[in-house]
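Only one structure is covered here, and it is reproduced in the block below.
The values are calculated or read from the model by the stated rules, or taken from the named source; none is laboratory data. Computed from a predicted model, the values in this text were never measured in an experiment. Ideal geometry is used to build each Cβ from the backbone, glycine not excepted, and the neighbour counts take in all protein chains shown. Calculation scope for accessible area: heavy atoms of the full protein, side chains included, ligands and nucleic acids excluded. Shrake-Rupley method; radii C 1.70, N 1.55, O 1.52, S 1.80 Å.
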Amino acid sequence: MKQYWLNNFAIDDFIVSALKEDMYFGDITTDSVCCSLNNPIFELYLTTRNDGVLCGKDVFKRVFQLLCENKVNIEFYFNDGDEIKKGDKIAKINGEARYILTGERLALNFVQKMSGIATYTRKFQSKIEKYGVRIVDTRKNTPNFRLFEKYSVKVGGNYLHRFNLSDCVMLKDNHIALLGGSITNAVNEVRKNISHAHKIEVECDTKEQVIEALANNVDIIMLDNMTIDEMRECVRIVNKQAIVEASGCVTIDNVEEIAKTGVDVISTSAIVMKAPTLDLAFDYIKK
């Protein structure tokens, strides 16, 4: 599997903010329990209670690095993107108990959520692999968690839509409504202002809008909430003159039927927003 990276300079602010939220005034439980035990050493396994795809290994480690530098050691037995089975020991954690107990929940929150997205994303991908269609995420995601969610989508085997509003022009129904409902007017206005490097995507609800968008030589035509038959007809009309993206009401149950219409891309928030958290746990190693 191709390796993707989450650089420390990009993620550290998010992790530090989460640590502050969780323990701005310390960890009164752990501090109280450990204060008289003279720095006890703790040893645990990170295990999984479900089958899934591991994601978030380096984020998990980074939580403890930022919390206590080198006072907790973590050895992973799997890499991001690896399939894990119920009962697997994923990693061994040992070090000073006060830091392990304080960072435990936050580290788990990251790796459970990210692994859940990677797992659910891979299920979508397996449904449409043979059709040569790309499934991509959307901007319907968790505020301030986008970087981690997009990484998880990549690890799961899918592709990415815009990272943010400055990546690509996307003329949606309300933008077009501001220009009197005219796609032509909307496209002309954005072309006056954007860089030559930016692509233009237009959201279309009808066949007529698709024809108008195509006449304006846009790069991407989004078929929004269309029926399977409508999508198939629009793909025929576009005839490879633009990238065709299907969006709206995409589920694990209908994604294969959408892929069969001949669209190039299927965008869905489901791979992130409806992904169940993968159930992982810290299991104490008894001496």
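Going by the conditions given, is Asn70 outside any helix (DSSP H, G or I), at pLDDT below 95 and not hydrophobic (A, V, I, L, M, F, W, C)? I'd like the intermediate steps shown before the answer.
Numbers: outside any helix (DSSP H, G or I): yes; at pLDDT below 95: yes; not hydrophobic (A, V, I, L, M, F, W, C): yes.
Answer is yes for this residue.
Looking at Asp167, Asp137 in this structure, which one is farther than 16 Å from Ala10 by Cβ and at pLDDT 95 or above? Before the answer, list the steps.
Working: Asp167 fails: at pLDDT 95 or above.
Going through Asp167, Asp137 in turn, just one is farther than 16 Å from Ala10 by Cβ and at pLDDT 95 or above: Asp137.
Take the residues in segment 1-10 that are surrounded by fewer than 11 Cβ atoms within 10 Å (Cβ to Cβ) and not in a helix (DSSP H, G or I); name whichever of them is modelled with the highest pLDDT. Can you show your working first?
Residues of segment 1-10 surrounded by fewer than 11 Cβ atoms within 10 Å (Cβ to Cβ): 1-3, 5, 7, 9.
Checking the rest, the ones that are also not in a helix (DSSP H, G or I) come to 1-3, 5, 7.
Numbers: Met1: 43, Lys2: 51, Gln3: 64, Trp5: 77, Asn7: 88.
Restricting to residues being surrounded by fewer than 11 Cβ atoms within 10 Å (Cβ to Cβ) and not in a helix (DSSP H, G or I), the top hit is Asn7.
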**Item:** Positions within segment 196-212 being farther than 15 Å from Ala242 by Cα and either touching a His at 6+ places or on another chain (Cβ under 6 Å) or modelled with pLDDT of 95 or more (or both), in sequence order
**Value:** Asp205, Thr206, Glu208
**Message:** Every residue in segment 36-60 that is open to solvent by less than 60 Å² (accessible area, probe 1.4 Å) and under 13 Å from Ile74 (Cβ atoms), please.
**Reply:** Phe42, Glu43, Leu44, Tyr45, Leu46, Gly56, Lys57, Val59, Phe60
**Prompt:** How many residues, within segment 11-35, are at pLDDT below 90, under 33 Å from the mean Cα position of the chain (by Cα) and open to solvent by 90 Å² or more (accessible area, probe 1.4 Å)?
**Reply:** 2
**Message:** Against the definition (open to solvent by 10 Å² or more (accessible area, probe 1.4 Å), modelled with pLDDT under 95, of a type in the set (Lys, Arg) and assigned to a loop (DSSP other than H, G, I, E, B)), how does Arg98 come out, yes or no?
**Reply:** no
**Item:** Contacts under 8 angstrom Cβ, first residue in segment 10-22 being in contact (Cβ under 8 Å) with a residue 24 or more places away in the chain and more than 14 Å from Glu104 (Cα to Cα), partner among the aromatic types (Phe, Trp, Tyr) and assigned to a helix (DSSP H, G or I), 6 or more apart
**Value:** Ile11/Phe148; Phe14/Phe148
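Only one of Asp224, Asp219 is under 21 Å from Val133 (Cβ atoms) and touching a residue at least 40 places away in the same chain (Cβ under 8 Å). Can you tell me which? Spell out the reasoning first.
Values: Asp219 fails: touching a residue at least 40 places away in the same chain (Cβ under 8 Å).
Step by step, each of Asp224, Asp219 is checked, and only Asp224 is under 21 Å from Val133 (Cβ atoms) and touching a residue at least 40 places away in the same chain (Cβ under 8 Å).
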**Among (1) at pLDDT below 95; (2) open to solvent by 50 Å² or more (accessible area, probe 1.4 Å); (3) in a strand (DSSP E or B); (4) not hydroxyl-bearing (Ser, Thr, Tyr), the one test that Glu75 misses** = (1)
**Message:** The conditions are (1) without any contact (Cβ under 8 Å) to a residue 40 or more places away in the chain; (2) open to solvent by 70 Å² or more (accessible area, probe 1.4 Å); (3) not in a helix (DSSP H, G or I), and Lys140 fails exactly one of them. Which is it?
**Reply:** (1)
**Request:** Would you mind listing the helices (runs of 4 or more DSSP H) fully within segment 200-265 where at least 3 residues are open to solvent by 20 Å² or more (accessible area, probe 1.4 Å)?
**Result:** 207-215, 228-238
